[in-house]
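Step one of this worksheet: look at the structure below.
The values are calculated or read from the model by the stated rules, or taken from the named source; none is laboratory data. It should be emphasised that the depicted structure is a prediction, and the values quoted were computed from it without experimental measurement. In this analysis, Cβ positions are derived from the backbone assuming ideal geometry, glycine residues included, and neighbour counts consider all displayed protein chains. For the accessible areas, the whole protein counts, side chains as well, though only heavy atoms, and no ligand, DNA or RNA atoms are used. Shrake-Rupley method; radii C 1.70, N 1.55, O 1.52, S 1.80 Å.
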Amino acid sequence: MALRFLVLLLVAVVALPAVDAVGGQKGKRHAVLETAHLRVYVPVDLAEQLRPTVARAEALFRFMCAQADYEPPRRLVLILADRADLHNGWSSQIPFPAVSVDLVAPPPQSYIFAGPDYLDRTLIHEFAHHISNDRNHGVRRGLEWLFGRVFPSDPLSFLAFYCSTPSHLTMPRFWHEGLAQWAESAYVAPDTVWRGRGSDALTHMVWRLHAAAGRIPPAADWRLSHVAWPYGRQAYLYGIAYMRHLVAAHAADPWELVDAQARQWAYRFTDGARPVLGRDHDSLLREARFALAAEQERQLAILREQPLRTATRRTPRDALLGVPAWADDDSVVFALKPAHGRARLHRLGRDGGLARTSLPGHGRWAVRRAPDGGWLYHELDENLAVTSWYHGPDGRRARLGRHVAQVAAGPAGDGALRLAGIRLLRDGRQQLVSAVWDPAGGAQVAWRALPTAGQPWTPAVAADGRMVWVEVDDTGSRLVFARGKQRRVLWAVGARILHPAWAPGGRHLYVCSDVTGVANAYRLDL
């Protein structure tokens with residue numbers, strides 16, 4: 001055992017500097033910015049620009065530690081990553097504690113989206129994971145001091161893992177994600193309209209659909225491998241449902257529950273609530289599922305009083321779908337990602353037949369139609385960075401720009417296209433950009449930034465050059481109209497506005513919004 005301990009110590013001493021040197025991204029140079037409680041890795045050329053973000057992260061972490069009665073034993077490694085164009089974060093405790101957060105913003109149709117303060121929410125979400133999992137008591141603390149935290153790769157290391165690794169780390173994933181979503185909803189910007197995922201209209205829509213089908217899943221199915229439309233996994237969708245039930249129905253303090261879980265043996269979840277609430281998780285989960293079904297049935301009763309159109313399902317269940325666009329033959333083209341496999345553009349014919357094309361796509365973003373009959377879409381590289389493409393009616397493909405998303409097009413005369421899109425900047429900011437581009441010329445697109453207020457999303461270009469886009473801030477969303485230097489707000493709501501699209505001729509504008517608590521389509525007469 002002593003020999004094994006020395007080997008583990010030697011591996012740790014050799015490996016840790018190598019991990020620190022790259023800051024979690026192979027081949028990328030990072031600067032290290034230290035605060036009282038954080039050791040933050042940032043891209044070296046963004047170091048000065050990200051100092052306010054690092055200071056904000058320190059303030060949030062210090063606040064979270066006070067809320068959870070947690071004393072950090074060391075500086076936490078935090079990586080602020082700039083490569084991906086899909087927002088996410090992760091927290092790890094083995095072999096040492098670390099948190100990573102992507103700086104790019106999630107689009108409003110994403111399940112992660114909860115307003116423009118997304119970075120605060122994700123930091124708090126990942127800090128909640130860290131603070132809940134980085135706690136040991138008694139014998140386990142002594143064993144951790146002796147062995148550290150090791151990967152269970154053989155029987156001996158598994159025994160060390162079981163006896164020394166913080167037991168809260170081994171609790172079900174829905175418990176972890178429910179706690180983290182509760183934290184991001186409870187602690188971030190209560191004076192804005194964005195209340196977090198537990199109050200989000202899209203989350204409630206999933207719960208209602210499951211209640212209407214009589215299939216709110218049992219807790220055994222609340223796993224990451226179970227995907228529920230739209231874009232959420234069961235561990236997230238029902239983890240927050242369970243946590244909000246514990247807080248609302250039992251006045252539970254989640255951090256007391258965390259500490260009780262940390263005093264259990266590894267993988268023993270059921271009895272963790274008993275010291276705090278006097279009941280085990282099994283009975284509480286049954287109660288929570290019943291309460292959620294009853295809550296959603298009340299909402300369904302209200303919705304059933306409204307006239308509803310019937311529709312026929314044409315796509316597989318558990319598939320992620322992007323916004324569709326019409327083709328000349330009345331077929332519909334859209335991105336579809338199956339539960340297992342890569343996203344591709346699909347075509348739905350008038351007869352209801354669904355055909356997969358060879359073109360890449362992504363389920364959370366839309367495909368747009370170009371005036372000349374071509375298609376505008378994007379693909380993701382190995383770093384999840386977006387590249388937008390034009391696919392002409394003759395099959396020719398042209399690159400429109402890297403880190404440019406949500407591209408739309410209108411005619412600009414003489415075969416040229418008037419393009420608009422969202423340019424994602426490396427520090428997490430973004431710009432509304434436009435360009436006039438000739439597909440036949442072969443030149444690169446010369447994007448220029450347009451002035452906006454708030455976070456811009458989802459531009460749409462009309463045949464006569466008029467343009468609309470969505471702006472998001474703490475008060476909600478605005479649908480903004482522009483022609484030349486003229487700018488006018490067409491609609492402002494304390495909720496999402498999604499994917500504006502011009503009708504042929506430009507007399508009407510179609511958008512989606514969840515302003516009523518239900519996602520609906522709307523037509524604006526101009």
Checked the range 488-506 for anything free of Cβ contacts under 8 Å to residues at least 40 places away in the same chain, surrounded by 12 or more Cβ atoms within 10 Å (Cβ to Cβ) and more than 16 Å from GLN455 (Cβ to Cβ); matches are LEU490, TRP491, ALA503
Wholly within the range 61-108, which strands (runs of 3 or more DSSP E) include no fewer than the required count, namely at least 2 residues that are not aliphatic (A, V, I, L, M)?
89-92, 98-102
Answer yes or no: is there a residue in the range 180-189 that is touching a Pro at 6+ places or on another chain (Cβ under 9 Å), open to solvent by less than 20 Å² (accessible area, probe 1.4 Å), part of a loop (DSSP other than H, G, I, E, B) and among the β-branched types (Val, Ile, Thr).
no
Kindly indicate which of TYR118, TYR111 is open to solvent by 10 Å² or more (accessible area, probe 1.4 Å), of a type in the set (Phe, Trp, Tyr), at negative phi and at pLDDT 90 or above.
TYR118
Step by step: first the residues of the range 442-464, then only those that are in a strand (DSSP E or B) and aliphatic (A, V, I, L, M), then the one that is nearest to ILE79 (Cα to Cα). Which residue is that?
ALA449
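Looking at the range 314-338 only, could you name the residues that are in a loop (DSSP other than H, G, I, E, B), on the phi < 0 side of the Ramachandran plot and either open to solvent by 50 Å² or more (accessible area, probe 1.4 Å) or not hydrophobic (A, V, I, L, M, F, W, C) (or both)?
The first filter runs over the range 314-338 and keeps only residues in a loop (DSSP other than H, G, I, E, B), leaving 314-319, 322-324, 327-331, 338.
Then drop every residue that is not on the phi < 0 side of the Ramachandran plot, which leaves 314-317, 319, 322-324, 327-329, 331, 338.
Passing the criteria: ARG314, THR315, PRO316, ARG317, GLY322, VAL323, PRO324, ASP328, ASP329, SER331, PRO338.
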Find the residue count for the range 450-467, including only residues that are open to solvent by less than 30 Å² (accessible area, probe 1.4 Å) and touching a Ser or Thr at 6+ places or on another chain (Cβ under 9 Å).
4
What number of residues within the range 399-409 satisfy the criterion of being surrounded by 21 or more Cβ atoms within 10 Å (Cβ to Cβ) and either without any contact (Cβ under 8 Å) to a residue 12 or more places away in the chain or on the phi < 0 side of the Ramachandran plot (or both)?
6
With the structure loaded, tell me whether GLY441 is small (Gly, Ala, Ser), at positive phi, over 28 Å from the mean Cα position of the chain (by Cα) and open to solvent by 40 Å² or more (accessible area, probe 1.4 Å) or whether it fails that test.
no
